[in-house]
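The values are calculated or read from the model by the stated rules, or taken from the named source; none is laboratory data. All values derive from a computational prediction rather than experimental measurement. Note that we place each Cβ from the backbone using ideal geometry, even for glycine, and neighbour counts take in every protein chain shown.
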Amino acid sequence: MPSDPAVPTPGGDLTSFVVVAADSGPLLEECVASVLAADAVVELVLVDNASGDGSIERVLGAHADDARMRLLRNPANLGFGPACNRGAAVARGDVFVFLNPDCIAPRDLATRLRAALATDPRLGVLGVQVTDPHGAPARGNRRREPTLRRAMVTLSGLSRLESRWPALQGVEAPAAEHDGLETVEAVSGACLVLPRAAFERVGGFDEGYFLHAEDLDLCRRVRDAGFRVAIDPRVRVAHAQGTSSRSRPLFVARHKHRSLWRYFTKFDPAARNPLLRAVVFAGIWAHFVAQAPLLALRGRRRAAR
């Protein structure tokens, strides 16, 4: 039965979706419509990071009368994590779903997520099987702690040999053989689900990240707080990956490299070695510099269309 479009009652059984938009294009309308079509009691907090592409106005034109949706406008692009925190601060549900603006939520998503959370009170983060628009599983659904060693194994391609030599574990983790909840170290940030209690226990997203790696950081701190991080592969969410960032690839890449450096210095024991720290810093920014000309050209081509 569809949700009552009246203002949701705060507290139990209310699932709060937080969607952050930043020039997110036409898929934002589809994302919002899919959330509001839920078969459970939901609210949607739409946080706008100063979009100028008309997407917010189109959403308001279609859903301004739906009391389940609230819009927060930021005067500038604050970044993903800070915007999520602002959305969570006004959300009224006992479960938060942080959903990318280029994801489409199935009608039963909230119902199935709450059922999964109810199976284990220790669940602090729940992920889903994020897929591309054609249904193929996306990368990053199951991730390990991205230590320096694992990152190097992944970059070298040696992680493809993990099934034969377990010592060559990379950042990506294989799927479990069973069909139930899988305990993992980190899940995809495209659809990130947390009980309010766990989110508040760790203080939400680390606002030192502007874009990328804030999901890894959150999963790490949730695990450190004694909660379980898991994925339910039976729940699927389609994601048109990168829709919001394709028009500004250099901007996104710069923040991605900055976030990788922050995560490394915050959590990796290797960062305590001054020599390794210097080598990693040089490697991260050398990689960015090598990419920059092609990314800048790509951005100019998209802007000219």
Worksheet item: Taking Ala138 and the conditions (1) surrounded by fewer than 24 Cβ atoms within 10 Å (Cβ to Cβ); (2) small (Gly, Ala, Ser); (3) more than 21 Å from Leu28 (Cα to Cα); (4) in contact (Cβ under 8 Å) with a residue 60 or more places away in the chain, which numbered condition does it fall short on, given that it satisfies the others?
Response: (3)
Worksheet entry | Filtered residues of the range 90-120 (kept if touching a residue at least 24 places away in the same chain (Cβ under 8 Å) and in a helix (DSSP H, G or I)) | Val90, Leu109, Ala110, Thr111, Arg112, Leu113, Arg114, Ala116, Leu117
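Just name the residue that is nearest to Arg58 (Cα to Cα) out of those in the range 23-38 that are assigned to a loop (DSSP other than H, G, I, E, B) and modelled with pLDDT of 95 or more. Steps first, answer last, please.
Our first condition is that a residue be assigned to a loop (DSSP other than H, G, I, E, B); within the range 23-38, this holds for 23-26, 37-38.
Okay, now just the ones that are also modelled with pLDDT of 95 or more, so 37-38.
Details: Ala37: 17, Ala38: 20 Å.
Ranking the qualifying residues of the range 23-38, first place goes to Ala37.
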Discussion item. Let me confirm something: among Leu168, Leu181, Leu148, which residue is in contact with a helix residue (DSSP H, G or I) (Cβ under 9 Å, 6 or more places away or on another chain), farther than 25 Å from Arg228 by Cβ and in contact (Cβ under 8 Å) with a residue 24 or more places away in the chain?
Written reply: Leu148
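Kindly establish whether Leu155 is of a type outside the set (Val, Ile, Thr) and either outside any helix (DSSP H, G or I) or exposed (fewer than 14 other Cβ atoms within 10 Å of the Cβ) (or both).
Details: of a type outside the set (Val, Ile, Thr): yes; either outside any helix (DSSP H, G or I) or exposed (fewer than 14 other Cβ atoms within 10 Å of the Cβ) (or both): yes.
Here the answer is yes, as Leu155 does meet what is asked.
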Worksheet entry | The lone exception for Phe205 - which of (1) in a loop (DSSP other than H, G, I, E, B); (2) out of contact with any Gly (no Cβ under 8 Å at 6 or more places or on another chain); (3) crowded, with 21+ Cβ neighbours inside 10 Å; (4) on the phi < 0 side of the Ramachandran plot it fails | (2)
Worksheet item: Which residues, taken from the range 5-21, are of a type outside the set (Val, Ile, Thr) and at pLDDT 95 or above?
Response: Leu14, Ser16, Phe17, Ala21
Item to complete: Evaluate the following for Phe281: is it buried (at least 17 other Cβ atoms within 10 Å of the Cβ) and hydrophobic (A, V, I, L, M, F, W, C)?
Response: no
Discussion item. Over 15 Å from Leu14 (Cα atoms), touching a Cys at 6+ places or on another chain (Cβ under 6 Å) and touching a residue at least 12 places away in the same chain (Cβ under 8 Å): is that true of Leu78 in this structure?
Written reply: no
Worksheet item: Only one residue in Ala67, Ala62, Ala76 is over 20 Å from Glu214 (Cα atoms) and assigned to a loop (DSSP other than H, G, I, E, B). Which one?
Response: Ala67
Worksheet entry | Count of the range 183-196 residues which are in contact with an Asp or Glu (Cβ under 8 Å, 6 or more places away or on another chain) and either surrounded by fewer than 20 Cβ atoms within 10 Å (Cβ to Cβ) or not assigned by TED's automatic domain parsing to the domain that holds Ala89 (or both) | 2
Item to complete: Evaluate the following for Glu162: is it acidic (Asp, Glu), under 29 Å from Leu181 (Cα atoms), without any contact (Cβ under 8 Å) to a residue 40 or more places away in the chain and assigned by TED's automatic domain parsing to the domain that holds Glu200?
Response: yes
